[in-house]
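**Q** I'd like to ask you about the structure that follows.
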Amino acid sequence: MLKKKFNKLIGLKKDDFDQFVLSGQIKKQNARLIPTLKTGDEMALTSIFLSVLRLVKEYRYNFFKEIKLSRSGKAYYYTEVCFPEISKCRYDGLIIIVVSGVIKDAVFLELKNKNNSIDQIQIVSYIKDLKNIGVKSLITVSNQFVSDSSHSPVNVKVPKNFSLHHFSWTYLLTLGQLLLFKNDNIIEDEDQIEIMREALYYFESKVSGVSGYSRMKPGWKQLSDDIRAQKPLKLSDIYIEDAVLSWHEKEKDLALLMSRKLGVLVKSTPKKKDCLKNDIKKLVKENYLLGTLSIKNSVSDIKIKLEFERRSVLMSVKILPPMDKGTVAKITWIAKQLENCKKKSEIVFNKLSDYIWIEADIKYARNNLKVKLNELDKLKEEAKDSEIQAFHVVLIDGLGVGFASTGKFISLIEEMVLNYYEGIVQHMTNWSRPAPKLELH
């Protein structure tokens with residue numbers, strides 16, 4: 001009997017896939033929740049991650065949704081996959097989706113831990129080989145951060161109709177942690193909750209090789225020092241791109257940090273195709289960078305501004321005052337909101353109070369009126385003949401030499417955003433127009 005030749009994965013019958021495994025034309029291992037591998041090994045991490053996808057329905061659903069992998073049919077999970085007749089490549093992971101006995105969809109995974117980075121040459125080779133067997137999706141995972149899963153930490157030209165996604169381990173860990181909060185997206189099965197907890201315990205341990213965003217790129221310090229020294233910047237300077245990418249990654253990391261603290265997925269600024277180029281232009285021209293954290297049901301997005309010249313970080317939220325009241329009443333209203341913040345989070349609020357500014361957005365005015373918190377009464381006089389449309393509560397912190405530090409900046413901005421949310425943002429509310437009343441005759 002002639003041996004069948006393996007050349008396509010998508011459209012292959014699952015029975016034929018199993019026969020190719022028996023003949024050695026496909027080599028693979030089944031993903032195991034407790035792999036017989038050395039603790040901290042990349043393949044152990046891969047096996048555990050794929051097993052959690054297999055065993056925890058809600059985690060699998062969220063991940064599959066993100067990578068646009070079919071959630072119908074039966075999924076199979078493999079590690080250490082290779083096709084000796086086609087390529088010398090060995091893939092860390094493979095997920096296949098089988099419908100009516102046929103492989104309808106598949107995604108391959110390349111995973112790194114510790115300080116290991118995704119390799120550009122390797123990814124280019126993988127994409128070429130996967131296209132040859134009819135697969136259109138590759139996932140990379142490492143401790144490297146990207147601003148969006150559709151971006152990659154390596155510069156690869158992705159072919160048309162091919163999907164390349166990247167996730168940081170911190171993001172995947174956060175997805176799991178969110179499922180353990182008491183919210184609308186919880187794990188229903190108690191046994192699956194325990195599996196998720198055990199897996200997260202491993203992911204969070206030092207031995208797993210999973211780590212967070214702990215240091216800005218070297219270009220961050222050079223850029224900060226050059227702007228401070230008023231040296232001219234060029235769009236072509238590589239270290240500037242290095243610094244901007246650092247901020248995009250840290251902005252994403254701040255969103256994940258807030259997600260883990262709040263139990264809801266916090267989103268950072270969506271990054272479009274030209275965002276890196278546009279942010280570099282803005283930085284070179286105006287010496288600042290912007291960011292946003294979007295939190296469900298919060299009073300507004302948290303706007304972040306990094307001012308390199310002053311080495312300061314500004315965080316702000318927008319609050320809508322009663323539009324049926326006059327200027328003095330609106331200022332009294334925002335003052336009461338801030339008093340409420342102090343009452344509910346006194347220790348944190350007092351720590352921030354000297355750094356808080358209140359901006360009044362004046363209708364038809366070119367610039368906002370701005371006063372320090374302890375001078376809020378001045379605003380009544382300055383805005384008495386104006387119409388206030390909104391308030392902005394701004395926290396301004398000059399980080400000094402810590403701003404330029406690739407390590408210290410991380411801890412300073414994390415502490416700042418957590419304190420700002422705890423002391424101010426979580427207690428602020430927008431005014432809403434009351435429902436109209438019936439006129440009784």
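**Q** Please go through region 130-143 and give me each residue that is of a type outside the set (Ser, Thr, Tyr) and either outside any helix (DSSP H, G or I) or over 22 Å from residue 70 (Cβ atoms) (or both), ordered by number.
**A** 133, 134, 135, 136, 138, 139, 141, 143
**Q** Exactly one of (1) outside any helix (DSSP H, G or I); (2) within 30 Å of the chain's Cα centre (by Cα) is unmet by residue 5. Its number?
**A** (2) is the only condition that residue 5 fails.
**Q** Please pick out the residue among 18, 41 that is among the acidic types (Asp, Glu), surrounded by fewer than 16 Cβ atoms within 10 Å (Cβ to Cβ) and under 12 Å from residue 96 (Cβ atoms).
**A** 18 is the lone residue from the list that is among the acidic types (Asp, Glu), surrounded by fewer than 16 Cβ atoms within 10 Å (Cβ to Cβ) and under 12 Å from residue 96 (Cβ atoms).
**Q** Filter region 190-206 for residues that are touching a residue at least 40 places away in the same chain (Cβ under 8 Å) and either of a type in the set (Gly, Ala, Ser) or assigned by TED's automatic domain parsing to the domain that holds residue 249 (or both) and give the result.
**A** The answer is 199, and nothing else.
**Q** Being in contact with a helix residue (DSSP H, G or I) (Cβ under 6 Å, 6 or more places away or on another chain) and small (Gly, Ala, Ser) is the filter here, so list the residues in region 389-441 that pass it.
**A** 402, 404, 423
**Q** Every residue in region 160-184 that is within 27 Å of residue 138 (Cβ to Cβ) and assigned to a loop (DSSP other than H, G, I, E, B), please.
**A** Answer for region 160-184, where residues must be within 27 Å of residue 138 (Cβ to Cβ) and assigned to a loop (DSSP other than H, G, I, E, B): 160, 161, 162, 179.
**Q** Still on this structure, I have one more. Please determine whether any residue of region 240-248 is at pLDDT 95 or above and in contact with a Gly (Cβ under 6 Å, 6 or more places away or on another chain).
**A** The answer is yes, given that some residue of region 240-248 is at pLDDT 95 or above and in contact with a Gly (Cβ under 6 Å, 6 or more places away or on another chain).
**Q** Does region 395-418 contain at least one residue that is surrounded by fewer than 16 Cβ atoms within 10 Å (Cβ to Cβ), farther than 25 Å from residue 307 by Cβ and assigned by TED's automatic domain parsing to the domain that holds residue 258?
**A** No, every residue in region 395-418 fails to be surrounded by fewer than 16 Cβ atoms within 10 Å (Cβ to Cβ), farther than 25 Å from residue 307 by Cβ and assigned by TED's automatic domain parsing to the domain that holds residue 258.
**Q** Still on this structure, I have one more. Evaluate region 241-261: report whether one residue or more is of a type in the set (S, T, N, Q), surrounded by fewer than 19 Cβ atoms within 10 Å (Cβ to Cβ) and assigned by TED's automatic domain parsing to the domain that holds residue 400.
**A** Looking through region 241-261, none of the residues is of a type in the set (S, T, N, Q), surrounded by fewer than 19 Cβ atoms within 10 Å (Cβ to Cβ) and assigned by TED's automatic domain parsing to the domain that holds residue 400.
**Q** Condition (residue is more than 20 Å from the chain's Cα centre (by Cα), at pLDDT below 95, in the same structural domain as residue 63 (by TED's automatic domain parsing) and not β-branched (Val, Ile, Thr)) applied to region 164-180: is it met by at least one residue?
**A** no
**Q** Taking residue 342 and the conditions (1) at pLDDT 95 or above; (2) surrounded by fewer than 16 Cβ atoms within 10 Å (Cβ to Cβ), which numbered condition does it fall short on, given that it satisfies the others?
**A** Of the numbered conditions (1) at pLDDT 95 or above; (2) surrounded by fewer than 16 Cβ atoms within 10 Å (Cβ to Cβ), the odd one out for residue 342 is (2).
**Q** Among 124, 107, 81, 102, which is closer than 19 Å to residue 158 by Cβ and in contact (Cβ under 8 Å) with a residue 40 or more places away in the chain? Give the steps one after another, and end with the answer.
**A** Working: 124 fails: in contact (Cβ under 8 Å) with a residue 40 or more places away in the chain; 81 fails: closer than 19 Å to residue 158 by Cβ; 102 fails: closer than 19 Å to residue 158 by Cβ.
Testing whether each residue is closer than 19 Å to residue 158 by Cβ and in contact (Cβ under 8 Å) with a residue 40 or more places away in the chain leaves just 107.
**Q** Among the candidates 387, 375, 381, single out the residue that is more than 19 Å from residue 319 (Cα to Cα) and surrounded by fewer than 18 Cβ atoms within 10 Å (Cβ to Cβ).
**A** 381
**Q** Sticking with this structure for a sec: Within region 235-257, does at least one residue satisfy the condition of being in a helix (DSSP H, G or I) and touching a Pro at 6+ places or on another chain (Cβ under 7 Å)?
**A** yes
**Q** Still on this structure, please answer the following. State whether one or more residues within region 291-305 are more than 23 Å from residue 224 (Cβ to Cβ), surrounded by fewer than 17 Cβ atoms within 10 Å (Cβ to Cβ), in contact (Cβ under 8 Å) with a residue 40 or more places away in the chain and assigned by TED's automatic domain parsing to the domain that holds residue 270.
**A** No; the residues of region 291-305 include none that is more than 23 Å from residue 224 (Cβ to Cβ), surrounded by fewer than 17 Cβ atoms within 10 Å (Cβ to Cβ), in contact (Cβ under 8 Å) with a residue 40 or more places away in the chain and assigned by TED's automatic domain parsing to the domain that holds residue 270.
**Q** Looking at 141, 99, 135, which is the one that is modelled with pLDDT of 95 or more, surrounded by 17 or more Cβ atoms within 10 Å (Cβ to Cβ) and either in the same structural domain as residue 245 (by TED's automatic domain parsing) or over 24 Å from residue 251 (Cα atoms) (or both)? Can you show your working first?
**A** On the way: 141 fails: either in the same structural domain as residue 245 (by TED's automatic domain parsing) or over 24 Å from residue 251 (Cα atoms) (or both); 99 fails: surrounded by 17 or more Cβ atoms within 10 Å (Cβ to Cβ).
None of the other options fit; the residue is 135.
**Q** Restricting to region 37-66, give me the number of residues that are among the aromatic types (Phe, Trp, Tyr) and within 20 Å of residue 116 (Cα to Cα). Let's see the steps before the verdict.
**A** Within region 37-66, the first condition is being among the aromatic types (Phe, Trp, Tyr), and the residues that meet it are 49, 59, 61, 63-64.
Checking which are within 20 Å of residue 116 (Cα to Cα) leaves us with 49.
Going through region 37-66 one residue at a time, the tally reaches 1.
**Q** A follow-up question, please. Any idea how many residues of region 185-234 are within 24 Å of the chain's Cα centre (by Cα), of a type in the set (Lys, Arg) and assigned to a helix (DSSP H, G or I)?
**A** Matching residues across region 185-234 total 3.
**Q** Yes or no: residue 336 in the same structural domain as residue 369 (by TED's automatic domain parsing) and surrounded by fewer than 16 Cβ atoms within 10 Å (Cβ to Cβ)?
**A** Details: in the same structural domain as residue 369 (by TED's automatic domain parsing): yes; surrounded by fewer than 16 Cβ atoms within 10 Å (Cβ to Cβ): yes.
When the stated conditions are applied, residue 336 passes them.
**Q** Which pairs do you get when a residue that is in contact (Cβ under 8 Å) with a residue 60 or more places away in the chain, found in region 347-359, comes within reach of a residue that is in a helix (DSSP H, G or I) and of a type in the set (A, V, I, L, M), reach meaning Cβ atoms under 6 angstrom, with the pair 6+ apart or on two chains?
**A** Pairs that qualify, where the first residue is in contact (Cβ under 8 Å) with a residue 60 or more places away in the chain and the partner is in a helix (DSSP H, G or I) and of a type in the set (A, V, I, L, M), are 356/373.
**Q** Another question about this same structure. I'd like the full set of residues that are among the aliphatic types (A, V, I, L, M) and either without any contact (Cβ under 8 Å) to a residue 12 or more places away in the chain or closer than 19 Å to residue 395 by Cα (or both), limited to region 318-346.
**A** Here is the first cut: in region 318-346, the residues among the aliphatic types (A, V, I, L, M) are 319-320, 323, 328-329, 331, 334-335, 338.
Matches in region 318-346: 319, 320, 329, 331, 334, 335, 338.
**Q** Quick one: would you say residue 359 is at pLDDT 95 or above, assigned by TED's automatic domain parsing to the domain that holds residue 234 and exposed (fewer than 14 other Cβ atoms within 10 Å of the Cβ)?
**A** Considered against the rule, which asks whether it is at pLDDT 95 or above, assigned by TED's automatic domain parsing to the domain that holds residue 234 and exposed (fewer than 14 other Cβ atoms within 10 Å of the Cβ), residue 359 comes out as no.
The values are calculated or read from the model by the stated rules, or taken from the named source; none is laboratory data. Quick caveat: nothing in here was measured; it's all calculated off a predicted structure. All Cβ positions, even for glycine, are placed from backbone atoms using ideal geometry, and neighbour counts span all protein chains on display.
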